[in-house]
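In what follows, a structure is listed as structure tokens, so that the remarks can point back to it.
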Amino acid sequence: MSSANDFLMSGGTTSAKFPAYGASVTGTICRQPEVQQQRDYTTGEPKFWKDGSPMQQLQVVLATDERDPEIPTDNGERAIYVKGAMKKAMQDAVRKSGANGLEIGGRVTVTYTSDGEAVGKGKAPKLYAVTYAPPQATSANDVLNAPDPGDAAPGSANAPLNADGLAAAGLTPEQIAAIMQNAK
């Protein structure tokens, strides 16, 4: 679908929620992470630093197993807004994984662990533990150049390609679509 149609048909991505210590979200990055300006939670107005520069955050959308039964169109995507203490935890997790940054297909877990020290009259910031695993090194060419399934028994390692099996191998939806199209 084109980005214009994505815009037209979307209702926005549900935000991941961290209401209490131990609250966690785990998923696979399903869209390119996007830097955007922070907004005031109450008014929706863009936020700025005292010098007038915009306050930035990184929106990371994860494909998760979560579903809200009150939202019939909930596809499990959850947005995480990386800023403040979560940004530092995310940076540390990416460095620890050996990756250079977040990538589509990478696996992220964010857990609310505690509260930090309040500064001035502000609320205490939430602190997080983050883990990141880069996408598996399997490429579309690796899958397309695999041995011919020919007479393979169902369920064997050489069984015919299917989307579920490719997803289980860690491929992104874009890679799966390209492989399935090329396999026709």
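When only the heavy atoms of the protein chains count and the probe is 1.4 Å, how do Tyr132, Tyr41, Tyr81, Tyr21 rank by accessible area, highest first? Please report the intermediate quantities before stating the final value.
On the way: Tyr132 20, Tyr41 220, Tyr81 65, Tyr21 140 Å².
Descending accessible area places them as Tyr41, Tyr21, Tyr81, Tyr132.
For region 1-128, what's the relative contact order in percent, using C-alpha pairs closer than 8 Å and at least 6 residues apart? Present the calculation step by step, with values, prior to reporting the outcome.
Details: 194 pairs, mean separation 37.0, N = 128.
So the answer I get is 29 percent.
Considering only protein heavy atoms and a 1.4 Å probe, what is the carbon-and-sulfur percentage of the accessible area of region 42-125? Write out the running numbers ahead of the final one.
Working: 2810 of 5510 Å².
Of the solvent-accessible surface of region 42-125, carbon and sulfur hold 51 percent.
Can you give me the accessible area per residue for region 1-102, using a 1.4 Å probe, in Å²? Before the final figure, lay out the partial values.
Values: 7040 Å² over 102 residues.
Ligands and nucleic acids excluded, the figure is 69 Å² per residue.
Quick one: which of Lys17/Lys83; Lys50/Lys96; Lys47/Lys96; Lys50/Lys126; Lys17/Lys50 span more than 24 angstrom between C-alpha atoms? Walk me through the numbers on the way to the answer.
Numbers: Lys17/Lys83 15 Å; Lys50/Lys96 33 Å; Lys47/Lys96 31 Å; Lys50/Lys126 22 Å; Lys17/Lys50 28 Å.
With Cα atoms farther than 24 Å apart: Lys50/Lys96; Lys47/Lys96; Lys17/Lys50.
What ranking do 26-33, 46-53 get when scored by the average of other Cβ atoms within 10 Å per residue, highest first? Could the numbers behind the result be given before it?
Working: 26-33: 18.1, 46-53: 9.0.
Result, highest mean first: 26-33, 46-53.
Once ligands and nucleic acids are excluded and a 1.4 Å probe is used, how much of Glu103 is accessible, expressed in Å² to the nearest 10?
About 90 Å², rounded to the nearest 10.
The values are calculated or read from the model by the stated rules, or taken from the named source; none is laboratory data. This structure is a prediction, so every number in the text was calculated from the model and none was measured. Positions of Cβ are backbone-derived with ideal geometry, glycine not excepted, and every protein chain shown enters the neighbour counts. Surface areas here come from the heavy atoms of the whole protein model, side chains and all, with no ligands, DNA or RNA. Shrake-Rupley method; radii C 1.70, N 1.55, O 1.52, S 1.80 Å.
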